[in-house]
Amino acid sequence: MMLYTTAVYPAAIGTITEQTAAPGSIVRNKNTITGTKGTGIEMQDAVNTAKGKVGITFEDATKVEVNENSRLVIDDFVYDPKKGTGKLAMKFAEGTVRYASGAIASKNPNSVNINTPSATIAVRGTDFTATVDEVGASTIILLPSCPKGWADIDRDCKTGVIDVSNDTGMVTLNKPFQGTRVENRNTMPLKPTILSLN
């Protein structure tokens, strides 16, 4: 009598579509693999960078750029391409990450759950950056979503909304380049201010 077993391989939920300088590394099931362009991303992956950066495109067209000396952990991703619905959960553990919404956040912002050590970010179809320093404090900046070849932010771009909250309260960012800083989970996010960015 012969027994046959079928191996079950997790499906990729995204792909590294950009890589600058040194490749990143991916910790998956206690193994470390090289995160070069074309590498698939799976749930529970921890993406780390050192002297380079990587860009990840998820199945719903969400894009995340993980900059130098940064760490991103993908907790959960479910997506139904026919309905454009699903859920996404990830942690920005350290460094700087830029996020651009895909179909999931556009359909239902409550389905996207992004955490830093000091804050939770609820996304309503927009772009932002989050920087986490060595003690876990977070600086979050709302960015306009601009098409290729744009010339004027007010005319050509659109700006969504993000809510930044923790155990003590919440602030809403709804203007281009508006930012807040959150020291820890027990400190209220600072009042949003418009940052002058070059």
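For the pair Lys82 and Asp154, a Förster radius of 45 Å applied to the C-beta separation gives a FRET efficiency near 0.80, rounded to the nearest 0.05. Between segment 126-163 and segment 65-80, what is the C-alpha centre distance in whole Å? What the calculation gives is 17 Å, centre to centre. Among the listed pairs Lys63/Lys91; Lys91/Lys148; Lys63/Lys191; Lys37/Lys91; Lys30/Lys51, those whose Cα-Cα separation exceeds 25 Å are Lys91/Lys148; Lys63/Lys191.
Taking 0.36 nm per residue of separation and subtracting the current Cα-Cα distance, fully stretching the chain between Thr20 and Ala46 would add 7.5 nm. Based on C-alpha pairs under 8 angstrom that are at least 6 apart in sequence, the chain has a relative contact order of 12 percent. Since only Pro147, Thr96, Val64 are under comparison, the one whose Cα sits farthest along the positive direction of the charge dipole of segment 64-194, derived from C-beta charges on Lys, Arg, Asp and Glu, is Pro147. Counting only lysines at least 8 places from Lys82 when in the same chain, those with an alpha carbon closer than 19 Å to its own are Lys107. Put simply, segment 41-116 fits an ellipsoid with semi-axes of 22, 11, 10 Å; these come from the alpha carbon gyration tensor as the roots of five times its eigenvalues, largest first. Evaluated with a Cβ-only charge set (Lys, Arg +1; Asp, Glu -1), segment 13-139 carries a dipole of roughly 220 debye about its Cα centre, given to the nearest 20.
Each value in this text was obtained by applying a stated rule to the coordinates, not by laboratory testing. Remember, predicted model here, so these are calculated numbers, not experimental data. Note that each Cβ is placed from the backbone with ideal geometry, even for glycine, and that neighbours are counted across all protein chains shown.
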